[in-house]
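This report concerns only the one structure given below.
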Amino acid sequence: MSLGGEVCVVTGACGFLGERLIRTILDQEKVAEIRLLDMKVQTQLLQSLDDCRGDTKLSVFEGDIRDADFLRRACRGASLVFHIAAIIDVINAVHPDEIYSVNVKGTQLLLEACLQESVASFIYTSTIEVMGPNPEGEPVVNGDEDLVYKSSLKFAYSKTKKEGEDISLQANGELLHNGGRLATCALRPMFIYGEGSRFLLGHMVDGLRNKDVLYRTSLPEAKVNPVYVGNVAAAHLQAARSLKEPGRRSEVGGRFYYVSDDTPHVSYSDFNHVLMAPLGFRIQDRLMVPLRFFYLVCFIMEVACMLLRPFYRLVPPINRQLLTMLNTPFSFSYLRASRELGYTPRYTWQEARINTIQWLAEQLPKEREKLWKK
């Protein structure tokens, strides 16, 4: 089912996934208009899209996801919303109230705008972290959507993303202002990598500071399955097509789907090394300290920061929940997304690996120069 003639809204349009999704839409579909919704839309991004947009109109909507009037203007006349915008925080650096206001309240306001402006389809970008891992570190290997798992979410980020996902799926079937019904679905990508990943770049910079040796924070046996950003964008596009198709709309509406690809299962730390070894990086053979002692160190840092909080806000670079996430086998299958959405990875592992390494290679001299100047 083609999206030809659709008017699409992409929240978080200037982010890592948002930009890639816009490029994927322009490459594969002839939509009438894409509305780029973000706090600030860079002129450089619009210029870079100029050569590939064809007859598609690109409109800029700069504003706050927590502004109801702004969201209604952005959704007016639109037929499809990709809701990607969120505060991502895995070290508790952002105040929980701020995360809630964006990830939950912003999602609620956007859904209300869709109902008021009769937007037919809504796709929520969730995350694997709404599933866990739980603080006990119970592993999952090739899990699916039917898996029952005690999540016990601790991060404000994972809690608010789960709440945002829930209200998005609960809105499926809600009555639109024009008498139609809203159809919603949610996608839960694994850890997303690729060109533009600030997390990969951060690990590379840490390695540069450590004399080209990457830090190990994951046990080799704690295998996960990262997913390439181009394949996550492809999954979003396929979800949109499925929600438009009358035969699939009722089947897909109200459901969530895991999004992974054929990237090899490997620990987070070893995955960083796979991508950066061709650039001359090595990796520590083992954890800096035994895992149990690592947990104790994290606990002490967390307590110290809590005691200092009334006077000064410090954020430890790693905490116990993050350490659990980095050291728990946690992988999920994309078979249901393939079966019900028609999703297949657009990029092979070899293509994703080459693209990502090339991008990292372009960033390497810039980051070396920054550190040298310091």
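The values are calculated or read from the model by the stated rules, or taken from the named source; none is laboratory data. On a predicted model such as this, the values are computed, not experimentally measured, just so you know. Positions of Cβ are generated from backbone atoms using ideal geometry, with glycine treated the same way; all protein chains shown enter the neighbour counts.
For this structure, a couple of remarks:
- Selection count where residues are of a type outside the set (Val, Ile, Thr), surrounded by fewer than 22 Cβ atoms within 10 Å (Cβ to Cβ) and in a strand (DSSP E or B), scope the range 121-178: 3
- In the range 241-273, of all residues being among the small types (Gly, Ala, Ser) and touching a strand residue (DSSP E or B) at 6+ places or on another chain (Cβ under 6 Å), the one that is surrounded by the most Cβ atoms within 10 Å (Cβ to Cβ) corresponds to 260.
- Residue that is farthest from residue 346 (Cα to Cα) [pool: residues in the range 1-49 that are assigned to a helix (DSSP H, G or I) and over 23 Å from the mean Cα position of the chain (by Cα)]: 43
- Of the criteria (1) of a type in the set (A, V, I, L, M, F, W, C); (2) in a helix (DSSP H, G or I); (3) touching a Ser or Thr at 6+ places or on another chain (Cβ under 8 Å), which one residue 287 fails: (2)
- Residue 89 surrounded by fewer than 17 Cβ atoms within 10 Å (Cβ to Cβ) and under 30 Å from residue 315 (Cα atoms): no
- Within the range 2-17, residues that are within 14 Å of residue 35 (Cα to Cα) reach no partner that is assigned to a loop (DSSP other than H, G, I, E, B) and of a type in the set (Phe, Trp, Tyr) with beta carbons closer than 9 Å at six or more positions or on different chains.
- Test for residue 99: is it in a loop (DSSP other than H, G, I, E, B) and either modelled with pLDDT of 95 or more or of a type in the set (A, V, I, L, M, F, W, C) (or both): no
- When residue 220 is tested against (1) within 24 Å of residue 292 (Cα to Cα); (2) surrounded by fewer than 24 Cβ atoms within 10 Å (Cβ to Cβ); (3) touching a Pro at 6+ places or on another chain (Cβ under 9 Å), only condition (3) is not met.
- When 276, 288, 301 are checked against the criterion of being exposed (fewer than 13 other Cβ atoms within 10 Å of the Cβ) and either touching a Leu at 6+ places or on another chain (Cβ under 8 Å) or over 25 Å from residue 127 (Cα atoms) (or both), 288 stands alone in meeting it.
- The condition (being small (Gly, Ala, Ser), touching a residue at least 12 places away in the same chain (Cβ under 8 Å) and in contact with a strand residue (DSSP E or B) (Cβ under 6 Å, 6 or more places away or on another chain)) is satisfied by just one residue among 78, 86: 78.
- Residue within the range 42-52 that is surrounded by 15 or more Cβ atoms within 10 Å (Cβ to Cβ) and β-branched (Val, Ile, Thr) present: no
- Count of the range 115-136 residues which are closer than 17 Å to residue 249 by Cβ and under 22 Å from the mean Cα position of the chain (by Cα): 4
- Options 313, 339; residue that is under 24 Å from residue 191 (Cβ atoms) and surrounded by fewer than 16 Cβ atoms within 10 Å (Cβ to Cβ): 339
- Qualifying positions in the range 74-96 - assigned to a helix (DSSP H, G or I) and farther than 23 Å from residue 185 by Cα: 96
- Test: residue in the range 205-222 that is part of a strand (DSSP E or B) and closer than 30 Å to residue 24 by Cα: no
- Identity of the residue in the range 179-199, crowded, with 22+ Cβ neighbours inside 10 Å, closer than 24 Å to residue 263 by Cβ and not small (Gly, Ala, Ser), that ends up farthest from the chain's Cα centre (by Cα): 185
Yes/no per residue for (1) of a type in the set (Lys, Arg); (2) in contact (Cβ under 8 Å) with a residue 24 or more places away in the chain; (3) within 30 Å of residue 254 (Cβ to Cβ):
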| site | (1), (2), (3) |
| --- | --- |
| 281 | no, yes, no |
| 284 | no, yes, no |
| 292 | yes, no, no |
| 303 | no, no, no |
| 326 | no, yes, no |
| 332 | no, yes, yes |
| 341 | no, yes, yes |
| 356 | no, yes, no |
| 361 | no, yes, no |
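- Scope the range 256-315; condition aromatic (Phe, Trp, Tyr) and either over 29 Å from residue 140 (Cα atoms) or modelled with pLDDT of 95 or more (or both); matching residues: 256, 257, 258, 268, 271, 281, 311, 312
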